[in-house]
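A.B. asks: The structure is given below, and queries will be raised subsequently.
The values are calculated or read from the model by the stated rules, or taken from the named source; none is laboratory data. These numbers come from a predicted model, not from an experiment. All Cβ positions, glycine included, derive from the backbone under ideal geometry; neighbour counts span all protein chains shown. Quick note on the areas: whole protein, heavy atoms, side chains included, nothing else; ligands and nucleic acids left out. Shrake-Rupley method; radii C 1.70, N 1.55, O 1.52, S 1.80 Å.
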Amino acid sequence: MSLLSKLRLVTVDVTGTLIAYKGQLGDYYCMAAKSAGMPCPDYKRMHEGFKAAYTKMTVKHPCFGHASKMPNIDWWKMCVKDSFIRAGYEYDDATFEKIFRRIYSTFGSSAPYTVFPDAQEFLRWLRSNGCTVGIVSNAEYRYKDVVLPALGLNQGSEWDFGVFSGIAGVEKPDRRMYEVALEMAGGVAAAEALHIGDSMRKDYAPAQRVGMHALLLDRFRTAEAESWRRSGAAVLPDLVAAREWLTAGAGVDERPIAAGDV
């Protein structure tokens, strides 16, 4: 009996699983700076500055400011400003406002993203086989309302519901993300659900701890994927392979992940 025949729900991560970033972060920050008449910032410093600023914001104001009721645009304004400062760039208020508005609007559109060619067909195939499809993502509301629809991944045709951290107020790897998904699917039992993602810590391990089946995608042939395989995780290169895995008579073994594996 195939795994697909046992499933009522499949939840899917977004970035790295269904879509990917185009180019580098520095490309978009450079274009924004130039649009305000400023020189292009150093890519490496900008990337490191953003990583540090984003990490700080997710700790101080998790889930894009959900708990503190911070408007999404204010959360990103603080993050972007700190990113530039950490990279060694400070602008007057008027200049920064121009730069920020360009960055904010860009990342709230489909411009910086590309859809993997197997994503839309896979999601539609799941739904045509009777599975409810849920999105489970550490993302803010614009992914749900703007980005995914603009990329051709629409609620009602590709997916049924979404658990987005900026809306739900909880984020992966918190197991509550998966518990909420099971509830939103109508109280589906964890044993009748599968989660697909690209992170051992945020996707595979917490989904399994809830009792769901889990599958990792390694689209970019990462070095860490080998350790995932050694731990007993199901790891596949893309959603084409995932479809074959789901319909095979005997699926890949899924050993429960121990604390030392993550």
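A.B. asks: Could you work out how far helix 43-60 tilts from the main Cα principal axis of the chain, as a 0 to 90 degree angle to the nearest 10?
C.D. replies: With both axes taken from Cα atoms, the answer is about 70 degrees.
A.B. asks: Follow-up question, since we're still on this one. In a GNM of the chain with a 10 Å cut-off on Cα contacts, which of GLN155, GLN24, GLN208 has the highest mean-square fluctuation?
C.D. replies: GLN24
A.B. asks: Around PHE164, with a cut-off of 13 angstrom between Cβ atoms, what is the net charge of the other residues, counting Lys and Arg +1 and Asp and Glu -1?
C.D. replies: With Lys, Arg at +1 and Asp, Glu at -1, the neighbours total -1.
A.B. asks: Grab the beta carbon distance between SER5 and GLU183, set R0 = 35 Å, and tell me the FRET efficiency rounded to 0.05.
C.D. replies: That gives a FRET efficiency of 0.90.
A.B. asks: Kirkwood hydrodynamic radius for region 79-184: how many Å is it when counted over pairs of different Cα atoms?
C.D. replies: By the Kirkwood definition, the hydrodynamic radius is 15.9 Å.
A.B. asks: Let me ask something else. Per-residue accessible area for ASP27 at 1.4 Å probe radius, Å² rounded to 10?
C.D. replies: For ASP27, solvent-accessible area is about 50 Å².
A.B. asks: Restricting the calculation to Cα positions, tell me the Rg (one decimal) and the Dmax (whole number) of region 23-108 in Å.
C.D. replies: 12.3, 37
A.B. asks: Here is a follow-up. If each of LYS44 and VAL115 carries a label point 7 Å out from its Cα toward its Cβ, how far apart are those two points in nm?
C.D. replies: With each label point 7 Å from Cα toward Cβ, the separation is 3.7 nm.
A.B. asks: Here is a follow-up. What whole-number distance in Å separates the alpha-carbon centres of region 14-44 and region 120-136?
C.D. replies: 31 Å
A.B. asks: Which percent of Cα-Cα pairs in the chain sits in each 5 Å bin, short to long?
C.D. replies: Pairs per bin, as whole percents: 1, 6, 12, 16, 18, 16, 12, 9, 6, 3, 1, 0, 0.
A.B. asks: So, one more: Over the chain, with the other protein chains present, what is the accessible area per residue in square angstrom, probe 1.4 angstrom?
C.D. replies: Using a 1.4 Å probe on heavy atoms only, each residue of the chain averages 46 Å².
A.B. asks: Also: Using a Gaussian network model on the chain with a 10 Å cutoff between Cα atoms, which of SER165, SER109, SER128 fluctuates the most?
C.D. replies: SER128
A.B. asks: Rounded to the nearest angstrom and ordered from largest down, what semi-axes does the equivalent ellipsoid of region 144-251 get from its C-alpha gyration tensor (root of 5λ)?
C.D. replies: 23, 17, 15
A.B. asks: Past 25 Å, Cα to Cα: identify those pairs from LYS77/LYS172; LYS98/LYS172; LYS34/LYS144; LYS34/LYS69; LYS44/LYS98; LYS98/LYS202, in the order given.
C.D. replies: LYS98/LYS172; LYS34/LYS144; LYS34/LYS69; LYS98/LYS202
A.B. asks: Continuing with the same structure: Give me the percent of the accessible area of region 23-108 that comes from carbon and sulfur atoms, probe 1.4 Å, all protein chains in place.
C.D. replies: That share works out to 57 percent.
A.B. asks: Then there is this: Which of these, LYS144, LYS202, LYS44, has the largest mean-square fluctuation under a Gaussian network model of the chain (Cα springs below 10 Å)?
C.D. replies: LYS44
A.B. asks: Once label points are set 7 Å from the Cα along Cα→Cβ at both SER35 and GLU192, what is their separation, rounded to one decimal in nm?
C.D. replies: Inter-label distance under the simple model: 4.7 nm.
A.B. asks: At 7 Å along Cα-to-Cβ for each site, give me the label-to-label distance between ALA241 and LYS22 in nm.
C.D. replies: It is 2.6 nm.
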